[in-house]
Every structure is written in structure tokens, then in C-alpha cells.
1. Just need the relative contact order of segment 87-284 here, percent rounded to a whole number, with Cα pairs under 8 Å and 6+ apart.
2. In whole Hz, with x marking every Gly and Pro, tabulate ³J(HN,Hα) for segment 109-117 from phi via Karplus 6.51 cos²θ - 1.76 cosθ + 1.60, θ = phi - 60°.
3. Output the peptides 62-75, 194-207 sorted from most to least packed, where packing is the average of other Cβ atoms within 10 Å over each peptide's residues.
4. Compare the peptides 148-157, 266-275 by average per-residue count of other Cβ atoms within 10 angstrom and give them in order, highest first.
5. Counting only protein heavy atoms and using a 1.4 Å probe, what share of the accessible area of segment 137-288 belongs to carbon plus sulfur, as a whole percent?
6. Given just the C-alpha atoms of segment 87-284, how large is their convex hull per residue in cubic angstrom?
7. Taking the simple approach of a point 7 Å from Cα along Cα-to-Cβ for both D132 and A196, what is their distance in nm?
8. What nm value, rounded to one decimal, do you get for the distance between Q233 and L46 when each label is placed 7 Å out toward the C-beta?
Amino acid sequence: MRKFTAFACGTGAGLAAYYLQKLRDPQLAVHNSWTNSDRPISECALWDSNWDFRDPKSLVRPQKNDLPQEQNRYNSDLEKHVAKSARHIILIRHGEYLDVGDSDDTHHLTDRGRLQAKYTGQRLRELGIKWDKVIASNMVRAQETADIILNQIDYDKAKLKHCSYLREGAPIPPQPPVGHWKPEASFFRDGARIEAAFRRYFHRALPEQEKESYTLIVGHGNVIRYFVCRALQFPAEAWLRISINHASITWLTISPSGNVSIKYLGDTGFMPAKYLTHRIPRDAKNVV
């Protein structure tokens, strides 16, 4: 019996050492390339509670000692940095547009795209949300979509913010790679900008925020898909595996603890089926 136990323990230890070595082998381990991390995917899958660098413990000077006054100081400082409310970020993809000409100025919504935006605005109005902020990419198709939506919801158009960081682009090389699409220069140019947009808009609430807030962002398919992967801490390279329709609604919630959940992903169930599209028409044919 002792020999069997020793054999089993030795075998288990050997297998553990074997798999540990496999994880350490750079040719066999899968890594999170967005962060250039050398951690195996099994470790990257753990939730990073300080993903937005706003965990109260990371914002407060550590205790110097265990004296009561120092503990009181630490606890008091900690309490001042604790978020109290959730942030809701609702992402809208622009409506269908006609991809003609080399300039963004010529990329206007189609008739169908305008109808899509109207249906989305009506849906948002039905949800009865009181908006704290509305932000739109400064590209023509996003601006036109935002304008149509604002005609449907209760929000002052004069308060609309325009953000160049939200412009469409190629955020990061996708996995699996796409053989016919290799915009390496675009990844280098657009990736940092789109990541900067994520960091600008995705974070837990400030401590002074007393009630839940609602931010509406009108943007683009690639940017929204990247935001979803980053917010949920999925591998960022997976963004191209997601498909979302034109004028769709994606809803993410950031809790006071920093946890993130998704309520809608590319929702267009409120729209008549004949208006559902996700690809760009190359000419005026078949455009409503």
C-alpha cells in the first residue's frame, strides 16, 4: 500500500511538473498580447479588480504602522475614495451609410440608415432613461445618427459632446487573423487612440457621484466591439469575432466595486427585420 501511495504521489507530482513546464514554455503558452503580458492565459482569466486603477486601496497611502491613529487615518482616506453608484454606458453603432468617395464628408447615412437611427432613438425613449451625457464620434455617419436619436430622446442637443477619439479604426490585430485584411499601419495609428478612448470613458464612478449615471455614446462597430472585450476583460484580440448591427444598442454597467456586466450586446430586436443590416452597401442599389 505504501509503495502504491508513493507511486501515485510521485506520478501526480511528475504530471504537475510536466504541465507547469508546458505553461512556462513560451512556444506553448497562450498570452494576452494587448498587455504584452508573459502570464499564461489561465492567470490572465482572473478578474483584475483594479483594471481602471481606481480601486480605493491603490489610491490611498498605505499604513505606516499599526497604531490606532494611523489605522484611523487609513480607513478614513479609504472611505473617501470608495465609489457609491453604478455607471451605465450605452453604446450605439451608427446607422447604415453609403461608402462612396475617399472623404468622410461623403459618407452619409442611407435612407435605411436614417430609419434605423430613428427606431433606436424611439427605443431609447421607451426605456425612459435620464441621460447624464451624450457623446458622439465626430465622423459624419455618427454625427447624423446622433442627431436623429436626439430628436427622439429627452436631451438638450446643445450639450452633445463630439469626440475624435471615438472615430472608427483598427484597434488591434485580431485573432484569428484575417488574411485579406492587414491594416498594420492602421493598427499602429488607431490602436493607441481607441485604447485612450476606452480609458477616458470606462471607469467606475467618482466617489462624489451619489446616484447611478447614464452615458450614451454614438460610435462605430470596431470601436464598440473592442470596448466590449476590454470592459469584460476578454482577450482584446477577440473583437472581430463579434458582429453588431447598424444602430444597435450595447449596454455595459460598471458597479461601484469595479465589476463590469453586459446587459445588451448589439440589440436590434426593436427594429423591423427588413431594416436589419451590419455591412456597408457599396452602391445605391438595394438601399431603402
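The values are calculated or read from the model by the stated rules, or taken from the named source; none is laboratory data. Values in this document were obtained by computation on a predicted structure and should not be read as measured data. Here Cβ is always computed from backbone atoms with ideal geometry, including for glycine, and neighbour counts include all displayed protein chains. The accessibility values were calculated without ligands, DNA or RNA, using every heavy atom of the protein model including side chains. Shrake-Rupley method; radii C 1.70, N 1.55, O 1.52, S 1.80 Å.
1. 33 percent
2. Values per residue, Gly and Pro as x: 5, 6, 4, 5, x, 5, 5, 4, 4 Hz.
3. 194-207, 62-75
4. Values: 148-157: 16.9, 266-275: 15.3.
Per-residue Cβ counts within 10 Å, averaged per peptide and sorted highest first, yield 148-157, 266-275.
5. Using a 1.4 Å probe with all protein chains present, segment 137-288 comes out at 53 percent carbon and sulfur.
6. 123 Å³
7. Between D132 and A196, the label points sit 2.4 nm apart.
8. The two pseudo-label positions are separated by 1.0 nm.
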